[in-house]
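The values are calculated or read from the model by the stated rules, or taken from the named source; none is laboratory data. No experiment lies behind these values; they were computed from the predicted model shown. A quick note on method: Cβ atoms are made from the backbone with ideal geometry, for glycine too, and the neighbour counts reach across all protein chains shown.
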Ligand SMILES: Nc1ncnc2c1ncn2[C@@H]1O[C@H](COP(=O)(O)OP(=O)(O)OP(=O)(O)O)[C@@H](O)[C@H]1O
Ligand SMILES: [Mg+2]
């Protein structure tokens, strides 16, 4: 799409010259001869940028700006004013009224182009940010489920959102901890400021420290400039410490200090940096047990845990499964451009009975897969690839497990492969979590995966 520029000037020669120049550069243009017409064109044509002469008949350029201000238009629309040479005062006044920049006449070609390009770039970034914000908000806007256990957590979360108290979210994997963390931020007075997510499991201790606190120039080889950490980026907003139960002990001590003093220094620095942050933390670990075992600092636990919200596993609120399944079906069918899809009664029944070890995330993935794979618009149970609860390998339907008819050793090897793939999928690719599902040491799981890869080669 080419950017559309509105040229406002009562001098026909200038309008013609600008139209010529801007069109030759690929922009499309519209023109207005006076202030009133300018306002009309802005409303009708929604230009991406306005070049506005200040001395105009009917309504002056400054009045146009003031009117737009009143209708809250200038935030969105970059306006570059044009003034006669030597009338800097008018330009300054226009900038105060929200103009993006100014040009003096006679217009200088290169300068004109630079200013236009910069203004359009900023406008496009602003639109992208607005779009992404609404996307993220949309993704996280809806907490589906009417069961009393979820509703009481929602109410508690809404109350907690009003304060700055630390919130600790507990619950099995895939129960919606991140969704709640984001919702609390959205409901809080800090919602216009950033929400910064820090994953405490993914990083080594040194990297995590760097990520949290940032570093000064020269702090280590390769640190060629100062870099702000995530705590600093979150200033005024919320920090979400995900998988806090996996944070290494030495870092826990440092984090505790930040939470107490709201102050820290960057890696390799000595200057105090102070921040105003609200902290929400989450873990699927039994953190009390970690405290008893000496793996988690008790003082930090108390700091984080001013308000605890525990999200129930899906199998304990089966009443929500139908609504959640429909919610994910609508979303994925829309993404896949298959709007007419439905769940057959048998499929819905199977979903309601399944134990959902991977909780809502697993349900989400199951529906996503079924939407893609189902040959018909009505999703049948066979498309859900759920393992029957009691039948172990699901021997009744060897169509789902094609390796069942292989010789013993090959079949067992295939089955090993199947459950590993399934666990990794359920854990959204996170091997540490997949190992937890399978109750295996992570290193052992990695060895199994490696062995299999080398066999395949
Ligand atoms: N009540 C709900 N309504 C709609 N979607 C939900 C709900 N709860 C969770 N989800 C969705 O389920 C998925 C998993 O949720 P989320 O990532 O918040 O879980 P989690 O507890 O952080 O999981 P993990 O411990 O694995 O990180 C997300 O796509 C989320 O949007
Ligand atoms: Mg999570």
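State whether one or more residues within the stretch 199-222 are part of a loop (DSSP other than H, G, I, E, B), in contact (Cβ under 8 Å) with a residue 60 or more places away in the chain and under 26 Å from residue 300 (Cβ atoms).
There is at least one residue in the stretch 199-222 that is part of a loop (DSSP other than H, G, I, E, B), in contact (Cβ under 8 Å) with a residue 60 or more places away in the chain and under 26 Å from residue 300 (Cβ atoms).
Just wondering, is there one or more residues in the stretch 165-175 that are more than 12 Å from ligand 1 (Cβ to nearest atom), outside any strand (DSSP E or B) and either in the same structural domain as residue 300 (by TED's automatic domain parsing) or more than 24 Å from residue 362 (Cβ to Cβ) (or both)?
yes
Quickly run through the stretch 311-326 and pick out the residues that are farther than 23 Å from residue 383 by Cα and more than 11 Å from ligand 1 (Cβ to nearest atom).
The answer is 316, and nothing else.
Checking the condition part of a strand (DSSP E or B), in contact with a helix residue (DSSP H, G or I) (Cβ under 6 Å, 6 or more places away or on another chain) and either over 25 Å from residue 156 (Cα atoms) or within 16 Å of ligand 2 (Cβ to nearest atom) (or both), which residue from 329, 309, 351 passes? If you could, list the steps in order and put the result at the bottom.
Values: 329 fails: part of a strand (DSSP E or B); 351 fails: part of a strand (DSSP E or B).
The match here is 309.
Among the residues of the stretch 194-245, which ones are over 20 Å from residue 272 (Cβ atoms), at pLDDT below 90, away from ligand 1 (no atom under 16 Å from the Cβ) and surrounded by 14 or more Cβ atoms within 10 Å (Cβ to Cβ)?
Within the stretch 194-245, 208 is the sole residue that qualifies.
Against the condition within 14 Å of ligand 1 (Cβ to nearest atom), within 23 Å of residue 182 (Cα to Cα) and surrounded by 17 or more Cβ atoms within 10 Å (Cβ to Cβ), how does residue 307 come out, does it pass?
Against the criterion (within 14 Å of ligand 1 (Cβ to nearest atom), within 23 Å of residue 182 (Cα to Cα) and surrounded by 17 or more Cβ atoms within 10 Å (Cβ to Cβ)), residue 307 does not qualify.
If a residue counts only when it is at pLDDT 90 or above and crowded, with 22+ Cβ neighbours inside 10 Å, which strands (runs of 3 or more DSSP E) contained entirely in the stretch 1-88 have at least 2 such residues?
Strands (runs of 3 or more DSSP E) meeting the threshold: 4-8, 49-53, 79-84.
Somewhere in the stretch 168-178, is a residue away from ligand 2 (no atom under 11 Å from the Cβ) and more than 23 Å from residue 358 (Cβ to Cβ)?
No, every residue in the stretch 168-178 fails to be away from ligand 2 (no atom under 11 Å from the Cβ) and more than 23 Å from residue 358 (Cβ to Cβ).
Any residue at all in the stretch 365-382 that is within 16 Å of ligand 2 (Cβ to nearest atom) and either surrounded by 13 or more Cβ atoms within 10 Å (Cβ to Cβ) or modelled with pLDDT of 85 or more (or both)?
For the stretch 365-382, residues within 16 Å of ligand 2 (Cβ to nearest atom) and either surrounded by 13 or more Cβ atoms within 10 Å (Cβ to Cβ) or modelled with pLDDT of 85 or more (or both): present.
Would you list the helices (runs of 4 or more DSSP H) that sit entirely within the stretch 404-456 and hold 1 or more residues that are free of Cβ contacts under 8 Å to residues at least 24 places away in the same chain and exposed (fewer than 13 other Cβ atoms within 10 Å of the Cβ)?
Once the helices (runs of 4 or more DSSP H) in the stretch 404-456 are filtered for at least 1 residues that are free of Cβ contacts under 8 Å to residues at least 24 places away in the same chain and exposed (fewer than 13 other Cβ atoms within 10 Å of the Cβ), what remains is 408-426, 442-456.
Taking residue 149, is it surrounded by fewer than 20 Cβ atoms within 10 Å (Cβ to Cβ), out of contact with any strand residue (DSSP E or B) (no Cβ under 7 Å at 6 or more places or on another chain), touching a residue at least 12 places away in the same chain (Cβ under 8 Å) and not in a loop (DSSP other than H, G, I, E, B)?
Considered against the rule, which asks whether it is surrounded by fewer than 20 Cβ atoms within 10 Å (Cβ to Cβ), out of contact with any strand residue (DSSP E or B) (no Cβ under 7 Å at 6 or more places or on another chain), touching a residue at least 12 places away in the same chain (Cβ under 8 Å) and not in a loop (DSSP other than H, G, I, E, B), residue 149 comes out as yes.
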